[in-house]
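**Student:** Right, I'll just put the structure down here and ask away after.
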Amino acid sequence: MIIARIVVGLMLILPIAVSAQGVIKNPSALAFICPDHALDDGHEVDIVRESDGVVVATLLGGDPPLNAAGEVAIAVNVQPIAFGQYRFVARAVAGTVKSDSSLPSMLWERAPGRPTNVVPR
């Protein structure tokens with residue numbers, strides 16, 4: 001009975017914790033696990049508009065070395081993308097063969113950049 005109450009409590013708290021983090025704005029990189037990284041030649045990343053599922057850009061991510069967490073990390077510049085909400089979808093490439101696409105990433109937002117060097121005059 002106590003375990004059931006704990007499980008129900010966690011089910012109520014976890015969605016709040018995830019939503020409290022909010023949507024990432026203007027990401028500068030993405031990371032993922034690539035099981036055949038030692039054998040592939042590179043990676044492609046689609047930027048998919050959330051509102052209609054249209055791929056607005058495909059980035060050629062190259063074949064970077066794994067980071068300390070064992071992930072492929074690819075730097076991205078989202079500035080050329082229109083304001084709105086998007087997801088990343090990745091693929092591994094080996095010659096002319098491509099993997100199936102990954103599941104979509106968490107939602108992220110291309111938003112106006114934060115003003116800097118604000119000085120009262």
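The values are calculated or read from the model by the stated rules, or taken from the named source; none is laboratory data. No experiment lies behind these values; they were computed from the predicted model shown. Virtual Cβ from ideal backbone geometry, glycine too; neighbours counted across all protein chains shown.
**Student:** Could you please give the count of residues in segment 6-36 that are in a helix (DSSP H, G or I) and at pLDDT 50 or above? It would help to see each step written out before you state the result.
**Tutor:** Looking only at segment 6-36, we keep the residues that are in a helix (DSSP H, G or I), and these are 6-21.
Still in the running and at pLDDT 50 or above: 20-21.
Residues in segment 6-36 being in a helix (DSSP H, G or I) and at pLDDT 50 or above: 2 in total.
**Student:** Any residue in segment 71-91 that is on the phi > 0 side of the Ramachandran plot and touching a residue at least 12 places away in the same chain (Cβ under 8 Å) sitting within a Cβ distance under 7 Å of a residue that is among the small types (G, A, S) and loosely packed, with under 15 Cβ neighbours inside 10 Å? List the pairs, counting only those 6 or more apart or interchain.
**Tutor:** Taking only residues 6 or more apart or on different chains, the pairs are G84/S51.
**Student:** Could you name every one of the strands (runs of 3 or more DSSP E) located completely within segment 71-121 that has at least 3 residues being in contact with an Asp or Glu (Cβ under 6 Å, 6 or more places away or on another chain)?
**Tutor:** Qualifying strands (runs of 3 or more DSSP E): 84-94.
**Student:** Now for a different question. When you scan segment 37-54, do you find a residue that is free of Cβ contacts under 8 Å to residues at least 24 places away in the same chain, aliphatic (A, V, I, L, M) and outside any loop (DSSP other than H, G, I, E, B), even just one?
**Tutor:** No, segment 37-54 has no match at all.
**Student:** Going through segment 71-121 one residue at a time, which ones are buried (at least 16 other Cβ atoms within 10 Å of the Cβ) and under 13 Å from E50 (Cβ atoms)?
**Tutor:** Within segment 71-121, Y86, R87, F88, V89, S105, W108, E109, R110 meet the criteria.
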